[in-house]
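What follows is a set of notes on a single structure, which appears directly below.
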Amino acid sequence: MKLLTLNFLTCARKTCKATAASFPLHCREVELEQVEMDPNPLFIKNMLPRLDWKAMKGLTQELGLPQLPNEAPSEEELQGADGEPTQVLNDLHTLLMETSVVSGKLVCGNCEYEYPVKDGIASFLLPSHMV
Amino acid sequence: MDYLIRFIQMHESFRQLEIEALAELHQLQFEWLFYSNESPFAIIRFINTEDPEGAAKSLISRSILSLAIHELWGIGTDYPTLHADVRHRTQHLWPQYLHSTFRFEIDAFHGSHSQASQRAIIESFSYTAFQGAIRMHNPDNQFTVFEDYTLNTTVPKRVYHGRRVAESGRKAVTKYSLKKRRYIATTSMDAELSLVTANLTLAAPGKLVYDPFMGTGSFPLACAHFGASVFGSDLDGRSIRGKPDGRNVHANFTQYGTSPLYLGGFVADLTNTPVRAAGRGGGRLLDAIICDPPYGVREGLKVLGSTRAALQEVVYLSDGTPAHLSQSYVPPKKPYSFVRMLDDVLAFAAGALVDGGRLCMWMPVAGATAEDEGEEEGGEEYAVPLHPALELVGECTQQFSKWSRRLLTYRRLQDSVIDHDRLSAYQTTRSTAQNGTAESKGTADDLNDFRRKYFQGFRDPTIPRKHERLPHTF
């Protein structure tokens, strides 16, 4: 599961969704993996305004990854004057697209429920007393 | 100039919607001058375009249900009227093709010609006086005579002449054929309709598309073919994880060279979805949602939860630990109503799609066709579901012998144009329905009309079979 995708996900319990603590999910005992791939600047540019930047920054702190600035970079910072991708874009690409969670647990900050991740696939299934 | 689209004569109800979607995607405006579900030839005219030829190329490049687009040189009800029209429309163009290499072809729909009569037709165009060499491979220009016959007649009812501008994207159908895909399952959507559905979602580079019933990933694969980034989920984790020999959703993306566009899959239930709605730091997330929800026939239609009273509380194992924390715990699932599932998809789409974002969703219909002999009860068990924040763009139908399925396409409206009285009324009705217990219990058949009819063979059980009703005549 890419770190970008983590920014789309909250606790699956209906009762948790209204609470601020249910997003973002917290990583516990996670194993990360980095797979190199070609950057997709257009996609990153489109995703920037839809990301919860605070959650993204919190995640990098939790995982001990290089720190993000306090504010999301603007569109102009992604592309240099020569049209080439900037370092900002490359760093975002590495973080959002190339880094993924292979195994571990995603924990809701509100109900403490742990969602397991195995082989890069997270499971958000809930026992019947929680739905 | 006007343009002729040569469609394939299949999935007719999808064809116009596909072209209109591609026009929206490329920001092109055009009008249909002629279109009929009975004919593979349609005529369009671009509006407000400086470069209609470029527009024609962009419009057709991704199309799955057409073969090519041609510059229209003439139309006629027979050859004399065609020739007159060709002279009238294109005489001023002939000099520019005078010395280019060319090829001449005849495309007869529901008809055929001997070689001699093909030659005679081609030579009847000799008044254009092209002097360039004839090349069968890679000619500068390809000219085609199209003939449209009524089935089993010998004289075409309409003839067209055109110069080919561009081929469609239909080759992708072969590339994505399920026969050659590494990992498929019983309900994988065929390549052609997956790609058409992806076109209707306006999947394109830079966009984010989500499939909440991903299965083996047919739809996300098709969207990635058009450059969109995709992710998906499924209630059945086995379909995403795949087989021990490495056949899984990710391997499919690797096979087609689109794995950088695959953001991953996870196991989840749409009625308890972990995908966040808008309203936190970020905005609405998705450019499109594409799905084929389980019909409850070959794939069970289930959601998380249980109908058993004992499972509504935490269950403890004999050693005192809660069962759901054990490694081998499998969460129980219960049957669900198809109508409610469709409403859940719509409500989710309203909360997750960006303005103008599209939802494409398939649903089954029993007994389908109006032209059928009327043997079926003709009942459509599911009305087209609607949501105040979603505008229905169109419906397409795929016929099978005893049932059919519909592809519904919606567009997310801007908040400013949504009727807020309708929206709040809708939300009240919906929460009442959700809290009601009437539909939360019951067997799969009680909850799902389509499933029940399917297993009854789409007959009214109270009416005996046809042959039993035949009157005795001596």
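The values are calculated or read from the model by the stated rules, or taken from the named source; none is laboratory data. Note that this is a predicted model, so its numbers are computed, not measured. Cβ atoms come from the backbone with ideal geometry, glycine included; neighbour counts cover every protein chain shown. Accessible surface is based on the protein model in full, side chains and every heavy atom, while ligands, DNA and RNA are left aside. Shrake-Rupley method; radii C 1.70, N 1.55, O 1.52, S 1.80 Å.
Which is the longest part of chain A that has none of the GluC sites (Glu not before Pro) sitting in a DSSP loop with at most 12 other Cβ atoms within 10 Å? So the longest stretch without any such site is A:72-111. Which shape class applies to the range B:188-344: rounded if a/c is under 1.5, otherwise prolate when a/b exceeds b/c and oblate if not, where a ≥ b ≥ c are the square roots of the Cα gyration tensor eigenvalues? Verdict is prolate for the range B:188-344. Straightening the chain between B:S259 and B:D415 buys 52.7 nm, computed as 0.36 nm per residue apart minus the Cα-Cα spacing. Charge dipole (Cα centre; +1 on Lys/Arg Cβ, -1 on Asp/Glu Cβ; no other charges) of chain B amounts to roughly 1400 debye. Working note: Debye formula, equal point scatterers on the alpha-carbon atoms of the range B:117-199, no solvent; log10 I(q)/I(0) at q = 0.27 Å⁻¹ is -1.33. Per the Kirkwood formula applied to alpha carbons, the range B:173-455 shows a radius of gyration over Rh ratio, Rg over Rh, of 0.97. Considering every alpha-carbon pair of the range A:3-130, the percent of pairs per 5 Å bin, from zero through the bin containing the longest distance, is 2, 10, 19, 21, 19, 13, 8, 4, 2, 1, 0, 0.
Just the Kirkwood number for chain B, please: inverse of mean 1/r across all distinct Cα pairs, in Å, one decimal. Taking the inverse mean of 1/r over all distinct Cα pairs, chain B comes out at 25.5 Å.
Can you order the peptides B:55-61, B:159-165, B:170-176, B:236-242 by their average number of other Cβ atoms within 10 Å per residue, highest first? Present the calculation step by step, with values, prior to reporting the outcome.
Working: B:55-61: 20.7, B:159-165: 23.1, B:170-176: 16.0, B:236-242: 19.1.
Peptide ranking by packing, descending: B:159-165, B:55-61, B:236-242, B:170-176.
Between B:M136 and B:L93, the distance separating the two model label sites (each 7 Å from Cα on the Cα→Cβ line) works out to 2.6 nm. In the range B:241-286, comparing the full protein assembly with the chain on its own, the residues that lose 40 Å² or more of accessible surface at a 1.4 Å probe are B:R241, B:P260, B:L263, B:F266, B:V267, B:N272, B:P274, B:R276, B:R280, B:L285. Across the range B:9-54, Cα-Cα distances exceeding 13 Å account for 59% of all pairs.
Leaving ligands and nucleic acids aside, the B/A contact buries around 3400 square angstrom of accessible area in total at a 1.4 Å probe radius.
Rounded to the nearest 20 debye, the dipole magnitude of the range B:2-169 is 420 debye, with +1 charges on Lys and Arg beta carbons, -1 on Asp and Glu beta carbons, and the Cα centre as origin.
For the range B:298-349, the list of trypsin sites (Lys or Arg not before Pro) that fall in a loop by DSSP and count at most 11 other C-beta atoms within 10 angstrom reads B:R298, B:R308.
In the range A:1-129, taking the dipole from charged Cβ atoms about the Cα centre, the farthest positive-side position among A:Y115, A:V30, A:G83 is held by A:Y115.
As an exercise, identify the GluC sites (Glu not before Pro) in the range B:1-89 lying in DSSP coil whose Cβ has no more than 15 other Cβ atoms within 10 Å. Please list the in-between numbers first.
Numbers: sites: B:E12, B:E18, B:E20, B:E24, B:E31, B:E38, B:E50, B:E53, B:E71; in loops: B:E38, B:E50.
Within the range B:1-89, the qualifying GluC sites (Glu not before Pro) (loop, at most 15 other Cβ atoms within 10 Å) are B:E38, B:E50.
Normalised by 2.2 N^0.38 Å, with N the number of residues, the alpha-carbon radius of gyration of the range B:2-169 equals 1.02. Which FRET efficiency value, to the nearest 0.05, do you get for B:D190 and B:T154 by plugging their Cβ-Cβ distance into 1/(1 + (r/R0)^6) with R0 = 25 Å? The pair B:D190/B:T154 has a calculated efficiency of 0.10. Report the one residue of B:G232, B:S36, B:N448 whose Cα lies farthest in the direction of the positive end of the charge dipole of the protein assembly as shown (charges on C-beta: Lys and Arg +1, Asp and Glu -1; origin at the Cα centre). Checking the options against the dipole of the protein assembly as shown, the answer is B:N448.
What does the extension gain come out to for B:K57 and B:Y329, with contour length at 0.36 nm per residue minus their alpha carbon separation?
On the way: separation 272, 0.36 × 272 = 97.92 nm, distance 5.46 nm.
Residue separation times 0.36 nm, minus the Cα-Cα distance, leaves 92.5 nm.
Quick one: compute a quarter of the convex hull surface over the Cα atoms of the protein assembly as shown and quote it in nm².
Numbers: hull surface 147.5 nm².
In nm², the orientation-averaged hull projection of the protein assembly as shown is 36.9.
The modelled label-to-label distance for the pair B:R298/B:S431, using points 7 Å beyond Cα in the direction of Cβ, is 4.0 nm. Over the protein assembly as shown, dividing the summed -39,500 (n - 2.57) contributions of all DSSP H runs of at least 4 residues by the number of residues returns a 222 nm mean residue ellipticity of -7000 deg cm²/dmol.
Our note on the geometry: Cα centres of the range B:298-368 and the range A:1-57, 23 Å apart. Between B:Y316 and B:Q118, the distance separating the two model label sites (each 7 Å from Cα on the Cα→Cβ line) works out to 8.3 nm. The residues of chain B present an accessible area of 46 Å² per residue when probed at 1.4 Å with all protein chains retained.
When the solvent-accessible area of the protein assembly as shown is split by element, carbon and sulfur atoms take up 50 percent of it, the probe being 1.4 Å. Ordering B:V165, A:A20, B:F219 by Cα displacement along the dipole of the protein assembly as shown toward the positive end leaves B:F219 in first place; charges were set at the Cβ atoms of Lys, Arg (+1) and Asp, Glu (-1).
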